[in-house]
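Inspection log for the structure reproduced underneath, given as structure tokens.
Nothing in this text is a laboratory measurement; each read-out follows from the coordinates by a stated rule. Since the structure is predicted, the reported quantities are computational estimates derived from the model, not experimental observations. Quick reminder, even Gly has a Cβ in these numbers, built from the backbone with ideal geometry, and neighbours come from all protein chains shown.
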Amino acid sequence: MSYNRRLPVYLLIDCSESMAGDAFASLTQGLAALIGEMRSNPMALETAAVSLITFANSASQIVPLSDFFTFQLPRLKMGSGTALGAGLRLWLDCMGREVMKTTAEQKGDYKPICFLLTDGEPTDSWQETADRIRNEVAGKKANIVAVACGPDADPNKLRRITDTVLVLKDAQGGAFGEFFKWVSASISTASQKLDAAPGQNVTAPNLPSGVEVVQPGMQRETPAMDRFVFLHLRCVKNKGFYLLRYEKNGPAYKAVAAHRVDDFDFGSGEEQSKAPQVSSDLLLGSVPCPYCQNPVWAMCAKDHLHCCPRLQGAVTLTCPWCNVSDSYGAASFDVGRGEG
């Protein structure tokens, strides 16, 4: 029985809340463009297969290993936290199930390629899995390209996983689009090499501007811890969910953006009850609700956050989370924050 050997390509993507805003939109558009370009490449279309794994508070394989022609990009779901360890462990499990091994009767799939993109600090246990991958998998059973996206991802941590680490300096605007064009070209090049005759030159694609290779021994500034605080809110008028982003400003945090989020993984009730806290006294200002433009926010008696028309004087509102009406006024309190 004949078997068409595949080049497995795994996309391991960070969908944590720190990606909210332009970066998340650019990421989604870049992935869609990648799939479109692969479908127009006969060589890649014939040999390559792709899987999409995302991670935030947990990890999920949202598309199993599929050929590019049948691949359908689902809506990406954002979450709180950067469960890099869970993402790496799931990738190993998926490869074990999906990649065809060579036997005495037939050759198996080609060595897989994994593109790992993350923009923040891991929030789970990841070191043991990283060491296992570096010692047993990287370069031997799979080729791994790790990408530190933006100023808050630490490339030195990614070097614990693989020697091939890139830095995407700016994860805003069209940066992801340009990067995924490079990914497309890299997959195309890898596909050509599979059938290249001995001595035939296959030119590797040049990195796009704004992307640099992390060299051994290169020292980079350590990302600031807790540079952002994220609050989870709903609009009191239409119950739309959004993230309110605060940025470090001295000992406190200043409100800088409000991001509408269409699909968010809230995790279990137990996970939410363990959310870290921050004093409202450290949160300076607000940004209007992106749905109704209410200028400030408030917290109900059950610790749910939502937008508010004012905080001067008492105001009666119905919480869009628990549908309980109550009177609100100015106060100091601890508030649950996302994990970034």
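Quick notes
- Near the amide H of V9, within less than 5 Å, lie the amide hydrogens of A49, V50, S51, I113, all on another chain or at least 5 residues away, with H placed in the peptide plane.
- Angle between the chain longest axis and helix 22-39 axis [Cα atoms, degrees, rounded to 10]: 30
- The C-alpha atoms of the chain define a longest principal axis, and helix 127-136 lies at about 10 degrees to it.
- Table column - 3J(HN,Hα) (Hz), the range 324-340, Karplus curve with 6.51, -1.76, 1.60, x for Gly and Pro: 9, 8, 7, 9, 10, x, 5, 6, 10, 6, 8, 10, x, 10, x, 8, x
- At an R0 of 41 angstrom, the distance between the Cβ atoms of I62 and S332 translates into a FRET efficiency of 0.50.
- Gyration tensor analysis over the Cα atoms of the chain returns equivalent ellipsoid semi-axes of 42, 20, 18 Å (largest first, whole Å).
- Cα gyration tensor shape of the range 106-190, rounded if a/c is under 1.5, else prolate or oblate by comparing a/b with b/c: oblate
- The calculated FRET efficiency for the pair T70 and T28, based on their C-beta separation and a Förster distance of 30 Å, comes to about 0.95.
- On Cα atoms only, tilt of 175-194 relative to the major axis of the chain in degrees: 20
- Across the range 296-306, coupling constants 3J(HN,Hα) worked out from phi with the 6.51/-1.76/1.60 Karplus curve, θ = phi - 60°, read 9, 9, 8, 10, 7, 5, 9, 6, 8, 9, 7 Hz, and Gly and Pro carry x.
- Taking the charge dipole of the chain about its Cα centre, with +1 at Lys and Arg Cβ atoms and -1 at Asp and Glu Cβ atoms, the residue from L158, S26, A190 reaching farthest to the positive side is A190.
- Hits among lysines - C-alpha to C-alpha of K101 under 25 Å, sequence gap 8 or more where chains match: K111, K140, K141, K193
- Electrostatic dipole magnitude of the chain [Cβ: Lys, Arg +1; Asp, Glu -1; Cα centre; debye, to 20]: 340
- Overall form of the range 228-336 per C-alpha gyration tensor (a/c, 1.5; a/b vs b/c): rounded
- Structural descriptor for the range 7-213: relative contact order 24 percent, calculated from alpha carbon pairs under 8 angstrom and at least 6 residues apart.
- The range 28-62 and the range 306-340 have Cα centres separated by 41 Å.
- Computed E for D303/K111 - FRET, C-beta separation, R0 51 angstrom, nearest 0.05: 0.55
- When DSSP beta bridges are restricted to pairs lying wholly in the chain, around 55% turn out antiparallel.
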